[in-house]
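The structure under discussion appears below in the form of structure tokens.
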Amino acid sequence: MSLSAEEYREHLQSTSVRAGFAFDEVTLPREHRIQLDKLRFRYLDWGNEHLPPILFLHGGALTAHTWDLCCLALRDEFHCLALDQRGHGESDWSPESDYSIAAQRQDIKAFVDRIGLDRFVLVGMSLGAINSLAFAIDHCERLRALVLVDAGPEVRRPGSSRIRDFVNEVADVPSLDGIIERALAFNPRRDPVILRRSLMHNLRQGADGNWSWKYDRRRFQAMDQDRHRAERQSLADGLQRVTCPTLVVRCAESDVFHAEDAERLAARLPDGRWVTVPHAGHTVQGDNPKDLVVALREFLADIPQ
């Protein structure tokens, strides 16, 4: 973590107020490292292990910290965990540049097996949604419920290409101010001061003073497009195997996943439903975490323990 504990606490206090939350106390998560096969993973644990568990998976080029406010808001009701997926944050990069859906699905299984998660809620956003869906298709019996945020087997090409272009573009910007400028141009909904602190979780400063992102760009560059298309098609073909209650979250201002996409995906799931979170682009957990938490609470209130 690039922020000190005190800076982190102050950051959560300021961002929570701006997001409309009112927390009596800001509790920081415990940070853990775990070895899964050849790779070492980092995850955040927000405590209260006696409560029903939720595992959160972030989107591409993000980290587990993208879920901080959601976990802070839900920690009194759930045991919240957030994982840095391979090639992201403080988790290892794949030596073979293997960022296939199959490899990431196996990471999830290895992780939940190691820490003993069963009957848990799995929440994934974007890349995390795809990996969550892949896990659910093969291991639905392990899940109490599934939440897919702004992604499914099919996404809108212009929106996803815009994200990929941004990720590749900012990777070559060495100054923090330059990175913030590009990030605000990409998503003007964010507050510049808060964004600067948030980015500390996503960036490393080298000995030369330049900044680099905590993700493996080879995930984009080395992707086997034919294999990736086949894997996405396999997800579409396997939707009937996801029998657990599933919420599809669509972000109202997203150009990646439209209302008709969410409706169609929910209709193809045996126990699917969908909801739109207002005032949010693709990264809803940063744009409007309060209404996302409302949607999660309402959905999970109807799910048996």
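All of the numbers you see were taken from the coordinates with simple rules; none came from a lab. Since we're looking at a predicted model, the values are computed, not measured. So basically every Cβ, Gly included, is an ideal-geometry build from the backbone, and we count neighbours across all protein chains shown.
The table for this structure:
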| item | result |
| --- | --- |
| Whole-number Å³ per residue for the convex hull built on Cα positions in the chain | 123 Å³ |
| Distance in nm between pseudo-label sites at ASP138 and ARG18 (7 Å out along the Cβ direction from Cα) | 3.9 nm |
| The chain, helix-only ellipticity at 222 nm - DSSP H runs n ≥ 4, -39,500 (n - 2.57), divided by all residues, nearest 500 | -12500 deg cm²/dmol |
| Charged-residue dipole, Cβ positions (Lys, Arg, Asp, Glu), the chain about Cα centre, Debye nearest 20 | 380 debye |
| Ranked by how many other beta carbons lie within 10 Å on average, peptides 61-71, 36-46 from highest | 61-71, 36-46 |
| Integer Hz, Karplus 6.51/-1.76/1.60 couplings in order for the range 4-14, x for Gly and Pro | 5, 4, 5, 4, 4, 4, 4, 4, 5, 5, 6 |
| Per-residue Cβ neighbour rank within 10 angstrom, fewest leading, ASP118, ASP24 | ASP24, ASP118 |
| Cβ-based net charge around GLU260, under 14 Å, with every Lys or Arg adding one and every Asp or Glu removing one | -1 |
| Straight-distance crosslink candidates among lysines, where the alpha carbon sits under 18 Å from LYS109 and sequence neighbours closer than 8 are dropped | LYS38 |
| Cβ-placed point charges (K, R +1; D, E -1), dipole of the range 1-141 about Cα centre in debye, nearest 20 | 220 debye |
| DSSP beta bridges in the chain [antiparallel fraction, %, rounded to 5] | 35 percent |
| Orphan Cys of the chain, criterion: no other Cys C-beta under 4.7 Å | CYS70, CYS140, CYS244, CYS251 |
